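Engineer: Take this structure first; my questions come after.
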Amino acid sequence: MKRRAVIFANGELRDAENIRKKLLPEDFLIAADGGQKHMQLLNMTPQLLIGDLDSLEEQTASQLQGGGTQLQRYPKEKNETDLELALIEARKRGYQQIILVAALGGRLDQTLGNLALAFHPDLKDCDLRMDDGVEEVFFPHSTLTLAGEPGDCVSLIAFGDPVMNIYITGFKYPFQGETLWPHQTRGISNEMLFDVGHIEFQRGKLIVIHTRSKMVDYLGISNCTEEENE
């Protein structure tokens, strides 16, 4: 199995324990500036701390560096966000499977920017996903086999351009060679029928959002409703 990079961002981490269960001992752990607070919550130490470090106390950064964490400090006034720097650094180190933890929530501009980063040209051959413990977001290139549970909510969103010739199986509302348009909500709030669903499309940029039904029930979050997809 190829090693993967796990980048902790400074967004919302809605279920830290669920994230802990998914981490592997061989994962390369990166803290993008304030993402270090989530790692601290999980009693984990980053192998790389990157960014302008304006969200951390200087003492914290020094302690981490003294403990063996690699440190890449950038000026506060820069063209890239800390998360973009972390993503590009992970790619430079050869990681093709990258998980972004806590990259959603908080400021809307940051969330939209983080989603857009998934389509960075340098990441076009990467298996990239986001996870906050409750929802996971995928950016498939042409196919995706999604593991979940019956009743899980899955939404498909065309990003920028229409997604052409899309087929999905294992869901309550099937697509059979349809076009998903970015200005319509046709793909919102579908529902898994089995433990596995399959998505395939010919062209376009697709965002797939998987909301785990168990976590929805536990945290009292709104789940899929039939009315939303009819």
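The values are calculated or read from the model by the stated rules, or taken from the named source; none is laboratory data. Model, not experiment: these values are computed from the prediction. Here Cβ is always computed from backbone atoms with ideal geometry, including for glycine, and neighbour counts include all displayed protein chains.
Engineer: Would you confirm whether any residue within the stretch 3-24 is among the aromatic types (Phe, Trp, Tyr), at pLDDT 90 or above and within 16 Å of the chain's Cα centre (by Cα)?
Structural biologist: Yes - at least one qualifying residue is present in the stretch 3-24.
Engineer: Give the residues of the stretch 131-176 that are free of Cβ contacts under 8 Å to residues at least 24 places away in the same chain and within 29 Å of Val6 (Cα to Cα), sorted by residue number.
Structural biologist: Selection gives His141 alone.
Engineer: May I pose another question? What are the pairs, 6+ residues apart or on separate chains, where a residue within the stretch 110-126 that is outside the structural domain of Ile207 (by TED's automatic domain parsing) has its Cβ under 8 Å from a residue that is of a type in the set (Lys, Arg) and surrounded by 17 or more Cβ atoms within 10 Å (Cβ to Cβ)?
Structural biologist: Once the first residue is outside the structural domain of Ile207 (by TED's automatic domain parsing) and sits in the stretch 110-126, its partners that are of a type in the set (Lys, Arg) and surrounded by 17 or more Cβ atoms within 10 Å (Cβ to Cβ) give Phe119/Lys205; Asp122/Arg91; Leu123/Arg91; Cys126/Arg91.
Engineer: Given the condition small (Gly, Ala, Ser), assigned by TED's automatic domain parsing to the domain that holds Leu104, at negative phi and in contact with a strand residue (DSSP E or B) (Cβ under 9 Å, 6 or more places away or on another chain), answer yes or no: does some residue in the stretch 42-52 qualify?
Structural biologist: No: zero hits.
Engineer: Quick one: what pairs do we get from the stretch 52-71, first residue within 15 Å of Asp82 (Cα to Cα), second modelled with pLDDT of 90 or more and of a type in the set (Lys, Arg), C-beta under 6 Å, 6+ apart or different chains?
Structural biologist: As it stands, the answer is Leu53/Arg73, since those pairs meet every condition given.
Engineer: Please go through the stretch 59-113 and pick out each residue that is of a type in the set (Gly, Ala, Ser) and in contact with a strand residue (DSSP E or B) (Cβ under 8 Å, 6 or more places away or on another chain).
Structural biologist: Passing the criteria: Ala61, Ala86, Ala90, Ala102, Ala103.
Engineer: When the residues of the stretch 183-193 are filtered to those that are of a type outside the set (D, E, K, R) and in contact with an Asp or Glu (Cβ under 9 Å, 6 or more places away or on another chain), which remaining residue is farthest from Ala147 (Cα to Cα)?
Structural biologist: Selected residue: Thr185.
Engineer: Of the residues in the stretch 75-125, how many are in a loop (DSSP other than H, G, I, E, B), farther than 18 Å from Met39 by Cα and touching a helix residue (DSSP H, G or I) at 6+ places or on another chain (Cβ under 6 Å)?
Structural biologist: 0
Engineer: Is it the case that Arg107 is surrounded by fewer than 18 Cβ atoms within 10 Å (Cβ to Cβ), in the same structural domain as Ile30 (by TED's automatic domain parsing), of a type outside the set (Asp, Glu) and within 30 Å of Gln184 (Cβ to Cβ)?
Structural biologist: yes
Engineer: Return yes or no: is Glu17 surrounded by fewer than 15 Cβ atoms within 10 Å (Cβ to Cβ) and touching a residue at least 60 places away in the same chain (Cβ under 8 Å)?
Structural biologist: The answer is yes for Glu17.
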